[in-house]
Amino acid sequence: MLSCLLLSACVGGSGGDDDSTPPVGPTDPTDPTPPTSIPLGEAGETSYAHMLEYLDVVLDPANFDECLTTDLETEWYKCIPGPRTGSGLGHVVHDWAANQLRAIDGIVNVQQQPFAFPVFKPVDYSLSVSTPDGEPFRPAVFPWYFQGISPPEGVTGELVDLGGGSLLDRLRAGDLSGKIVIFTATQALNAQTVGAQRALDFAAENGAVGAIVAIEGPANELVAQNYNTIEGLRPLPTVVVGEFDGDRLVELVGQPAHLLVDASVQPPGPTGFSYNSYGFLPGIDRDNYLVIGTPVNGWFTVGSERGPGVGGLIYLARYLADRVARDGPLPYTVVFAFTGGHEVFGFGQERVLQCLGPENVAAYIHLGAGLASKGYIEVAGQPTETGLAATQRALFISENLILEPTVLAAFADVVATQVLTVSAAGSLNPGEARAAYALQIPTMGISGAGLFHHSPSDTADKISVDYLGPVIESYR
């Protein structure tokens, strides 16, 4: 009961610049949720089965409310499903996650905690560039959320090449007034780009009316970009395009271009919010918590990015609840948390820890991106499997005399066989793990990226159960 009261006190917490309160989230149903039909078996196979159920929810057209076209053949990019923060599907995955916890005997006080948060709502987006032969070039695009919103009719300007957006490129850019800039950005960790924000801010400050960012690889994939909404809505409507389409656009520099990012920003409150979804496994100590968390929101199909963490968290909840039923309570109360707002820096995980009270959290365990991603290299512009695990993955551990040796022992085989980097946790680590560290909570987890993260092709086949099993067993 104490845990329930603690979280209820945080329901009205503001996620934006005001104290607008989101609607109260769903509560436990009167009728108990039926148990899952998935047997509790090996860690990898069970986690994978739960992952596929999650992805079925993500890919179900009935759940998706942001399909912005009826012409799926030519405008498929306006109807890419994804559990994006604040969208209908973004809420549905939280409903589903909470129901998975409710179905587990021993997990109590399951609840969804809404938090107010600005939500970007696209209405329409497109790009058209004139060509010498008279047939406009209309590549697939996706808006970079919160960079800017165009008028409903869009903006028109001469297409200007800003190279790679580097300082040298910016110095020799010339007059950008009334123009639409294009530049190529290189991916770093977690699908984020290097220096793109500086280039966009420069373009806006120098009079550009729109921007196109070509993301390098994989192939011609659209790679959505995160945004820190604390910085507010910027003035430059921006779309991302695939690498190959970016090459074609550079050939069209000097031609008239028309860019559209028609959208609205729902302010924090009744229409601007996300969820955190929790469940508790009571331990001997009811006042201190071991928190295990993973984000549940994401840009597109999130197969290898979010899927293994979601499936793994459900498995761990079932495994530990079963262990408690057989052997008695664990030393600490365990909190299982599906967090919201990840891809727009909502940092739902931080809200979880703040609501529980950082002083009450013995440790935070993070199931991050890339838990079981396959490795790829690009050959002649096409992704090719290496037969190994993705190398952009790291096991991070905070400086704690008890946690560090325990984690290193548990993950020793995974570190050796999956070429997993080990690093100290810290404020410079990408992703949500920074929040727990900043709150001085002992923390560990795996985080990283697969080649297809943030792209529509990030599907279930981009992970390997052979990698997932040992990873989840190590967490266990």
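Read-outs: derived from the displayed coordinates by stated rules, not from any lab. This one's a predicted model, so the numbers in the text were calculated from it and none came from an experiment. Glycine also receives a Cβ, built like all others from the backbone with ideal geometry; neighbour counts cover every protein chain displayed.
What the table below lists for this structure:
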| quantity | calculated |
| --- | --- |
| Segments 113-123, 144-154 sorted - mean Cβ within 10 Å per residue, highest first | 113-123, 144-154 |
| Radius 14 Å from Cβ of G106, net charge of other residues (Lys, Arg +1; Asp, Glu -1) | +1 |
| Helix 88-102 axis, angle to the chain major axis (alpha carbon atoms, nearest 10°) | 10 |
| Full-extension gain in nm, T33 to T386, via 0.36 nm per residue minus C-alpha separation | 122.9 nm |
| Net +/- balance of residues flanking A412 in space, Cβ distance below 15 Å, scoring K and R +1, D and E -1 | -2 |
| Dipole magnitude of the chain, debye to nearest 20 (Cβ charges: Lys/Arg +1, Asp/Glu -1, about Cα centre) | 880 |
| Residue list for segment 52-84, given a label point 7 angstrom along the Cα-to-Cβ vector of E135 and an amide N cut-off under 17 Å | 74-75 |
| Residue (of P118, W144, S177) at the positive-pole extreme of segment 113-198, dipole from beta-carbon charges | P118 |
| Protection proxy ranking of 290-296, 279-285 - average other beta-carbon atoms within 10 Å, highest first | 290-296, 279-285 |
| Segment D322-L40, extension gain: residue separation times 0.36 nm, minus the distance between their alpha carbons | 100.6 nm |
| Lys, Arg +1 and Asp, Glu -1 on Cβ, resulting dipole of segment 119-265 about Cα centre, debye, nearest 20 | 360 |
| Peptides ranked, highest mean first, by Cβ atoms within 10 Å: ranges 66-78, 214-226, 448-460 | 448-460, 214-226, 66-78 |
| Zone of E378's modelled label, taken as backbone nitrogen in segment 448-470 under 11 Å from a point 7 Å along Cα→Cβ | none |
| Segment S423-D287, length gained on full extension (0.36 nm per residue, minus Cα span) | 45.9 nm |
| Percent antiparallel among DSSP beta bridges (both partners in segment 119-265, rounded to 5) | 55 |
| The chain - mean residue ellipticity at 222 nm from DSSP helices (-39,500 (n - 2.57) per run, n ≥ 4, rounded to 500) | -7500 deg cm²/dmol |
| Options [x] 73, 44, 43; [y] 74, 48, 40; [z] 175, 50, 39 - which one matches Cα extents along the principal axes in Å as calculated here | [y] |
| 14 Å beta-carbon shell around L55, net charge (K/R +1, D/E -1) | -4 |
